[in-house]
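The values are calculated or read from the model by the stated rules, or taken from the named source; none is laboratory data. It should be emphasised that the depicted structure is a prediction, and the values quoted were computed from it without experimental measurement. In this analysis, Cβ positions are derived from the backbone assuming ideal geometry, glycine residues included, and neighbour counts consider all displayed protein chains.
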């Protein structure tokens with residue numbers, strides 16, 4: 001009996017040590033990533049630090065609804081940073097951006113003319129901002145919808161949240177290697193900077209924002225984040241994997257989810273933010289995550305079990321050291 005308690009105490013103390021290490025890592029990683037530009041921290045250091053942050057948050061947060069919120073917030077910040085890093089690194093190395101290949105593919109898909117050009121020719125007035133422009137920009141700006149839906153699932157159908165949240169995170173992060181490997185200019189940038197598509201494609205979203213702010217109309221701007229992160233569309237990938245989760249809960253919810261995917265796909269192409277091939281690639285990423293889930297799930301469950309042991313180490317420690325009576 002005493003040997004068993006000693007073994008349990010030793011194992012619990014080990015987990016507690018690991019938990020303390022993660023607790024120290026979280027603020028250090030946040031500071032490092034936040035100050036990376038000022039300190040000149042290279043991507044080879046920033047990338048692993050930000051990638052480990054959600055796991056560290058999971059390891060130090062007790063299992064509850066707040067844990068999902070905390071880990072989800074960490075994942076989204078991690079995605080934002082990993083989405084920006086390729087552009088930051090490319091600016092230092094002057095690595096060229098791909099421009100022509102998506103135009104060629106979209107021209108094939110659009111019967112000789114890229115769908116973005118067709119849509120803007122047919123539906124836009126290039127001299128002004130129309131009600132359609134505002135409506136479509138509103139759809140595009142609703143990229144937080146998948147996260148709001150996760151919040152609703154957490155409240156109403158919590159049994160679905162581990163899979164839904166895990167697949168959404170995997171979908172986001174599966175898009176980021178493409179931004180390193182094939183940095184691709186979106187239609188508006190290819191049109192404005194390189195004169196592709198006869199310079200016809202405008203960045204409608206920019207004009208809508210300036211119209212709302214009553215700012216003068218200009219054709220160029222300094223886009224924050226990663227203006228060469230067009231391929232694939234993480235916006236569509238996230239919407240599609242969320243629609244899949246909704247379909248598992250109820251067919252009617254699935255119809256609503258896929259309706260949003262269709263609207264968002266139209267929005268990103270019409271606004272000049274993505275090519276049609278970017279949309280299709282985003283759908284392919286979501287489908288890849290869904291198909292890979294059965295193969296990855298055993299490893300994920302083991303990792304979740306370890307993180308649960310670490311997160312609960314404080315409670316166990318109090319029980320075996322005399323604060324409680326097992």
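Of all residues in segment 189-231, those satisfying the criterion of being in contact with a helix residue (DSSP H, G or I) (Cβ under 7 Å, 6 or more places away or on another chain), surrounded by 14 or more Cβ atoms within 10 Å (Cβ to Cβ), modelled with pLDDT under 85 and farther than 23 Å from residue 135 by Cα are 226, 228, 229. Whether a residue is assigned to a helix (DSSP H, G or I) and in contact with a helix residue (DSSP H, G or I) (Cβ under 9 Å, 6 or more places away or on another chain) was assessed, and residue 57 passes this test.
When the helices (runs of 4 or more DSSP H) confined to segment 236-326 are screened for residues that are surrounded by fewer than 22 Cβ atoms within 10 Å (Cβ to Cβ) and modelled with pLDDT of 85 or more, those reaching at least 1 such residues are found at 251-270, 276-311. Of the residues making up segment 274-306, those that are more than 17 Å from residue 169 (Cα to Cα) and in contact with a helix residue (DSSP H, G or I) (Cβ under 6 Å, 6 or more places away or on another chain) are 274, 275, 276, 277, 279. Output yes when any residue across segment 88-99 is part of a helix (DSSP H, G or I), modelled with pLDDT of 80 or more and in contact with a strand residue (DSSP E or B) (Cβ under 7 Å, 6 or more places away or on another chain), and no when none is. The answer is no, given that none of the residues of segment 88-99 is part of a helix (DSSP H, G or I), modelled with pLDDT of 80 or more and in contact with a strand residue (DSSP E or B) (Cβ under 7 Å, 6 or more places away or on another chain).
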